[in-house]
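Reading through the structure tokens given below for one structure.
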Amino acid sequence: MSNGSVTTSRGRLAARINPAARRTDGVTLVELMFALVVLGILLAIAVPSFRGASLSSRLSAIANDLHSSVQIARSEAIKSNTTVTLCTSTNGSSCAASGDWEQGWIVLDVNDNVIDSHAALQDGYRVVEASGTEVLLFQPIGVGASAAAFKVCREDPLGEQERAVTITGTGLAYVTRTELGTCP
């Protein structure tokens with residue numbers, strides 16, 4: 001008997017005694033289907049959660065951009081000792097005659113130079129000022145600014161994770177999270 005046949009005989013004997021000792025070359029169809037079902041369940045749980053996190057992040061970014069523009073307008077008014085304007089804008093260089101804040105906005109100094117600008121929002125996102133104001137003025141003394149209340153929301157899903165940007169008569173601004181369920 002040769003050495004090769006002894007090794008082969010031992011391998012066969014070990015496989016008969018302990019089935020786990022057999023060599024496996026891959027996965028079975030049942031194992032693959034089970035893995036796909038588990039993956040599907042995990043995705044079904046994770047995707048809505050990811051969508052909510054993405055929506056929350058985008059709404060916060062828009063609200064923070066508007067808040068930043070308010071802060072820039074107020075500080076520029078105080079620094080330059082002139083009135084500074086925050087208004088809606090479709091072209092990024094001049095105030096729009098009409099329209100909503102989601103078309104974009106700019107900050108202008110007294111000479112109509114653009115200090116800050118924000119492009120139009122993605123479809124479905126809204127920025128609405130409660131009284132319909134399209135122009136906010138910031139006075140050089142830091143007070144006497146146009147008070148305003150903005151709502152930053154998404155038309156779908158409605159009522160989830162809205163943001164409110166409030167500007168007081170003294171020009172101070174703050175952002176809060178709301179879930180009122182309306183997006184005008």
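The values are calculated or read from the model by the stated rules, or taken from the named source; none is laboratory data. None of these values were measured; they are calculated from a predicted model. No Cβ is skipped: glycine too gets one built from the backbone with ideal geometry, and neighbour counts run over all protein chains shown.
Summary of values
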| item | result |
| --- | --- |
| Residue within the stretch 109-122 that is closer than 21 Å to L180 by Cα and of a type in the set (G, A, S) present | no |
| Boolean, A61 is small (G, A, S), part of a strand (DSSP E or B), free of Cβ contacts under 8 Å to residues at least 40 places away in the same chain and under 19 Å from V175 (Cβ atoms) | no |
| Residue in the stretch 118-127 that is of a type in the set (D, E) and in contact with a strand residue (DSSP E or B) (Cβ under 9 Å, 6 or more places away or on another chain) present | no |
| Selection count where residues are surrounded by fewer than 20 Cβ atoms within 10 Å (Cβ to Cβ), over 21 Å from S75 (Cβ atoms), under 19 Å from the mean Cα position of the chain (by Cα) and at pLDDT 75 or above, scope the stretch 133-184 | 8 |
| Counted residues, the stretch 99-135 - those being of a type in the set (A, V, I, L, M) and in contact with a Gly (Cβ under 9 Å, 6 or more places away or on another chain) | 5 |
| Which numbered condition L86 misses (of (1) more than 20 Å from T182 (Cα to Cα); (2) surrounded by fewer than 20 Cβ atoms within 10 Å (Cβ to Cβ)) | (2) |
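Let's see how each residue does on (1) out of contact with any Ser or Thr (no Cβ under 6 Å at 6 or more places or on another chain); (2) assigned to a helix (DSSP H, G or I); (3) modelled with pLDDT of 90 or more:
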| site | (1), (2), (3) |
| --- | --- |
| R16 | yes, yes, no |
| V27 | yes, no, no |
| V37 | yes, yes, yes |
| L42 | yes, yes, no |
| V47 | yes, yes, no |
| S54 | yes, yes, no |
| S57 | yes, yes, no |
